[in-house]
Amino acid sequence: SAQQKFTVAAYGGSYEDMMRKVILPAFEKKTGAKTEYVAGNSTDNIARMQAQRANQEIDVAILDDGPMYQAVALGLCGELKGVSYGDLYPVADMKTGKSVTLGVVATGLMYNTKYYADNKLAPPTSWNDLKDSKLKKKLVMPPMNNSYGLHTVVMMARLNGGGEKNIDPGFKVMKDDIAGNMLAFEPQPGKMTELFQSGQVVMGVWGSGRVKAFQDTGFPVEFVYPKEGAIALGISACPVAKPNASPLAQEFLAFMLTPEVQAMHAKGAGSGPVNKKTVLPPDLQKGLPYGDAVAKLIALDWDTINANRTTWNNRWTREIER
């Protein structure tokens, strides 16, 4: 595989930094391959794979779990050959035969601890804190075509008599009680942190991994597991379906699931490891779903979500993000 070109598509922001600086150089050293990185959110990268279907440049795609089920359904993923599940938590097995969960983050709340202390505000504890009128135009969250935004709408539906199979209550609460508090529905990780750093926003919805990376810059921010529960977001990967697929794709997925790389991934992506043999130092365990905590996260009904997702995204654009 000497100097064979190998392309990974995954998230931008702090995730891209970790991949470029830590994980891909380690894989290059192990295999002699030359790696390329394509940054984009899950929706962008699925669109890219669909557009390139006749001539795929990507070898491995790393996506959020919901979009990954879509990618498999669209025939964009090849068979998994290099993964053995013996040392992995059950959450790693997506039961598709074509994709695997590399790590788990939690979707919950984040807040500026200094602002809250200075203004003598009680830290957020509940999803319902997004409705607090004291925070009008001080909140931020991603839109519904992003997993964090989707999770928020589903959670609001669940807390108000609905759920994945009855999303109406979620839209109603978003429209009546939450949208007015949002300064922005921001999909880009870099912009999200900028809004906090400039003091324009002080609370919002994000993933435990993103918040950990933001904390590591020294900014006074904390992740909150809401009392009603935080939602599991799997960071998942698949070998891209293509003729003459590179064997490096299977090798890379097996590499990502080794305890050593799982620890790197936990440190850089703030994700709970799926390999049971991964040992994290106590300071790194803080805020991550680790060990038993992984089982406590709320799992979603992705079959129902993916069947309705396009309709919901269109409705979001019409009703919420006008």
5 angstrom amide H check on residue 298, placed H, neighbours 5+ away: 230, 231, 232
Within the accessible area of the chain (1.4 Å probe), percent carbon and sulfur: 50 percent
Label-point separation in nm, residue 57 to residue 29, each point 7 Å along Cα→Cβ: 2.8 nm
Net length gained if the chain between residue 79 and residue 21 were fully extended (0.36 nm per residue, minus Cα distance): 18.0 nm
Computed over the stretch 141-294, Kirkwood Rh from alpha-carbon pairs, angstrom: 17.6 Å
Square roots of 5 times each gyration tensor eigenvalue, C-alpha, the stretch 212-322, largest first, Å: 27, 25, 15
Where trypsin sites (Lys or Arg not before Pro) fall in DSSP loop in the stretch 162-207, at most 13 other Cβ within 10 Å: 165
Set 136/212; 134/296; 172/267; 95/276 screened for pairs whose C-alpha atoms are more than 29 Å apart: 134/296; 172/267
Protein-only accessible surface order, largest first, of 64, 303, 17 at 1.4 Å: 303, 17, 64
Proportion of all alpha-carbon pairs of the stretch 279-322 beyond 14 Å (%): 67 percent
Ranked by how many other beta carbons lie within 10 Å on average, peptides 270-279, 312-321 from highest: 270-279, 312-321
Debye, to nearest 20: dipole size of the stretch 1-153, +1 on Lys, Arg Cβ, -1 on Asp, Glu Cβ: 400 debye
Probe 1.4 Å, protein heavy atoms only - accessible area per residue of the stretch 126-278 in square angstrom: 36 Å²
Relative contact order [Cα under 8 Å, 6+ residues apart], the chain, whole percent: 26 percent
Local net charge near residue 187, Cβ-Cβ under 14 Å (Lys/Arg +1, Asp/Glu -1): -3
Proximal charge balance of residue 34 [Cβ under 9 Å; K/R count +1, D/E count -1]: -1
Dipole in debye (nearest 20) - the chain, about Cα centre, beta carbon charges: Lys, Arg +1; Asp, Glu -1: 280 debye
Pair residue 322, residue 260: separation of 7 Å Cα→Cβ label points (nm): 5.7 nm
Two-site label geometry, residue 136 and residue 48: point separation in nm, points 7 Å out along Cα→Cβ: 4.1 nm
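The values are calculated or read from the model by the stated rules, or taken from the named source; none is laboratory data. Every value quoted in this text rests on a predicted model; they were computed, and no experiment measured them. Cβ: placed from backbone, ideal geometry, glycine included. Neighbour counts: every protein chain shown. Please note that ligands, DNA and RNA were not included when accessible areas were found on the heavy atoms of the full protein model with its side chains. Shrake-Rupley method; radii C 1.70, N 1.55, O 1.52, S 1.80 Å.
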